[in-house]
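*Asks:* Pasting a structure below so you can have a look.
The values are calculated or read from the model by the stated rules, or taken from the named source; none is laboratory data. Note that the coordinates shown come from a computational prediction; the quantities given were computed from them, not determined experimentally. Methodologically, a virtual Cβ is constructed for each residue, glycine included, from the backbone with ideal geometry; neighbour enumeration extends over all protein chains shown. Please note that ligands, DNA and RNA were not included when accessible areas were found on the heavy atoms of the full protein model with its side chains. Shrake-Rupley method; radii C 1.70, N 1.55, O 1.52, S 1.80 Å.
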Amino acid sequence: MTVPDVFDPRIYAAGVPHASYRELRDHHPVAWQEECEVLGWPPGPGFWAVTRHADVVRVLKDGATFSSHLGATQIRDPDPADLPFIRRMMLNQDPPDHGRLRRLVSRAFTPGRIDRFTASARTRARRLLMAARQSGDTFDLVRTVTDDYALLNLADLLGVPESDRGLLLEWTERVIAYQDPDEPPVLGPDGRPVNPRSPAMLQEMFDYAQQLAAHKRRHPADDVMTSLATGELQGAELEMFFFLLTVAGNDTVRSAAPGGFLALAEHPSEQRRLRAGEADAGTAVEELLRHHPPVLSFRRTATEDTLLAGQQIRAGDKVVVFHVSANYDERVFDEPQRLDVSRSPNPHVSFGDGPHVCLGAHFARLQLRVLHEEARDVLPPYRQAGPHRRLVSNFINGITSLPLTTV
């Protein structure tokens with residue numbers, strides 16, 4: 001039996017390959033995937049695709065056997081010369097180093113501080129949604145609402161001056177959209193694309209992080225960068241955490257928000273239930289996150305020979321968990337293809353699990369809840385006005401255009 005390919009980023013331009021994931025879950029829960037040369041990126045050694053919920057959770061929780069540090073967390077192997085640099089990021093570390101950094105930064109990224117942004121996020125959501133509605137019966141939700149909403153909320157949390165906020169979007173797109181043909185890659189002397197996470201490509205962002213930190217030490221404010229700049233993080237650690245926040249903090253909401261609206265547009269009965277108050281907005285957000293997780297996959301590397309779902313894994317093998325497949329596992333979710341805005345319990349893995357569970361999950365949930373609450377009040381019922389466009393990526397479940405029209 002042929003094993004479906006879920007590696008090629010071009011597959012995801014047409015949508016999440018749910019039929020392929022189901023075949024993998026049912027017949028090949030830990031399946032070998034070839035890494036072909038695609039979009040100018042060289043071939044790789046291949047990896048094990050993990051698609052069942054229980055196995056995804058096991059890998060994410062067992063950092064001793066499945067390391068984030070050995071080969072970092074992207075499917076593609078980084079340049080060996082870049083690996084020590086990439087390992088400085090908290091995302092690419094294992095305990096105990098990961099735990100030390102997480103404890104330090106969590107002091108800045110507290111629920112209390114995030115909750116104080118609720119009022120400003122609500123005002124921003126209402127303003128953007130009203131402007132979109134007033135622009136005409138049909139509007140692109142991504143261009144008019146969700147891109148700005150995610151970016152400006154993150155900039156407020158970080159304490160980035162208004163004049164610099166466009167830089168956050170530019171840096172995010174450079175890192176996230178590197179597989180998308182609409183974002184031509186930067187080519188090196190050999191004609192090959194340059195890894196957007198390499199030191200050379202990130203230097204501009206790092207220089208800015210140090211400049212912003214110096215400014216915050218002179219002019220402290222109630223924001224995350226002030227806490228980080230005046231805390232115990234070392235220079236390189238601060239740079240890497242600024243990178244992580246800028247990219248992950250922006251793109252999590254930037255991907256999840258239009259995905260949630262698309263799901264509600266495709267399921268008008270569930271949209272009606274949410275609008276009528278038959279489902280709590282917070283509960284609905286969990287289901288929308290399950291239905292459209294912002295991240296498709298994450299990579300680990302086996303530290304030792306082990307068995308996973310009966311499959312022999314060798315030390316050094318790449319092991320890639322597919323969050324989007326786990327969220328549709330029939331062994332855990334009743335009728336997973338059905339959107340149910342009151343689904344409970346809802347043990348989705350859209351924010352990961354184990355020691356690397358998303359540090360900004362509370363902030364993301366808050367923004368999504370507020371956005372849907374305001375949409376319920378501001379927008380009439382809506383439906384899709386034309387085809388949406390998806391990001392070409394096997395990592396981020398992005399939507400780059402979503403035309404909606406009011407009913």
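*Asks:* Which condition breaks for H27 when tested against (1) surrounded by fewer than 16 Cβ atoms within 10 Å (Cβ to Cβ); (2) more than 19 Å from A326 (Cα to Cα)?
*Replies:* With respect to (1) surrounded by fewer than 16 Cβ atoms within 10 Å (Cβ to Cβ); (2) more than 19 Å from A326 (Cα to Cα), H27 is out only on (2).
*Asks:* Is it the case that segment 43-53 has a residue that's surrounded by 20 or more Cβ atoms within 10 Å (Cβ to Cβ) and over 23 Å from F333 (Cα atoms)?
*Replies:* Going through segment 43-53, the residues surrounded by 20 or more Cβ atoms within 10 Å (Cβ to Cβ) turn out to be 47-53.
Still in the running and over 23 Å from F333 (Cα atoms): 47-48.
Scanning segment 43-53, I find at least one residue that is surrounded by 20 or more Cβ atoms within 10 Å (Cβ to Cβ) and over 23 Å from F333 (Cα atoms), so the answer is yes.
*Asks:* Filtering segment 61-78 down to residues that are of a type in the set (A, V, I, L, M) and buried (at least 16 other Cβ atoms within 10 Å of the Cβ), which residue is farthest from P43 (Cα to Cα)? First the steps, then the outcome.
*Replies:* Let us first name the residues in segment 61-78 that are of a type in the set (A, V, I, L, M), namely 64, 70, 72, 75.
Filter once more, keeping what is buried (at least 16 other Cβ atoms within 10 Å of the Cβ): 70, 72, 75.
Values: L70: 19, A72: 17, I75: 11 Å.
Only one residue tops the list, namely L70.
*Asks:* Six or more apart or on different chains, Cβ under 6 Å: which pairs go from a residue in segment 79-99 that's surrounded by 16 or more Cβ atoms within 10 Å (Cβ to Cβ) to one that's β-branched (V, I, T)? Could you list them?
*Replies:* Final answer for the pair search is L91/T73; N92/T73; N92/I86.
*Asks:* Counting just the residues of segment 326-362 that are of a type in the set (F, W, Y) and open to solvent by less than 10 Å² (accessible area, probe 1.4 Å), which one comes out nearest to F395 (Cα to Cα)? Quick ask: steps written out before the conclusion?
*Replies:* The initial filter retains those residues of segment 326-362 that are of a type in the set (F, W, Y), namely 328, 333, 351.
Narrowing further to those that are open to solvent by less than 10 Å² (accessible area, probe 1.4 Å): 328, 333.
Numbers: Y328: 17, F333: 23 Å.
Across segment 326-362, the extreme among qualifying residues is Y328.
*Asks:* Another question, if that's okay. Please specify each residue of segment 370-389 satisfying the condition of being open to solvent by less than 20 Å² (accessible area, probe 1.4 Å) and not small (G, A, S).
*Replies:* V370, L371, H372, E374, V378, L379, Y382
*Asks:* Count, please, the residues in segment 124-138 that happen to be in contact (Cβ under 8 Å) with a residue 24 or more places away in the chain and open to solvent by 10 Å² or more (accessible area, probe 1.4 Å).
*Replies:* Result for segment 124-138: 6.
*Asks:* Could you list, in sequence order, the residues of segment 1-60 that are within 12 Å of A309 (Cα to Cα) and among the aromatic types (F, W, Y)?
*Replies:* The one that is within 12 Å of A309 (Cα to Cα) and among the aromatic types (F, W, Y): W48.
*Asks:* While we're on this one: Farther than 21 Å from E335 by Cβ and of a type in the set (V, I, T): is that true of V16 in this structure?
*Replies:* Working: farther than 21 Å from E335 by Cβ: no; of a type in the set (V, I, T): yes.
So V16 fails the test.
*Asks:* Sort out for me the helices (runs of 4 or more DSSP H) sitting completely within segment 72-174 that have 2 or more residues that are at pLDDT below 95 and closer than 30 Å to Q33 by Cβ. Walk me through how you get there before you give the answer.
*Replies:* Values: elements: 83-86, 97-106, 111-115, 118-134, 147-158.
Passing ranges, in order: 83-86, 97-106.
*Asks:* Filter segment 215-259 down to residues that are touching a Gly at 6+ places or on another chain (Cβ under 6 Å) and within 17 Å of L101 (Cβ to Cβ) and give me whichever is most open to solvent (accessible area, probe 1.4 Å).
*Replies:* G249
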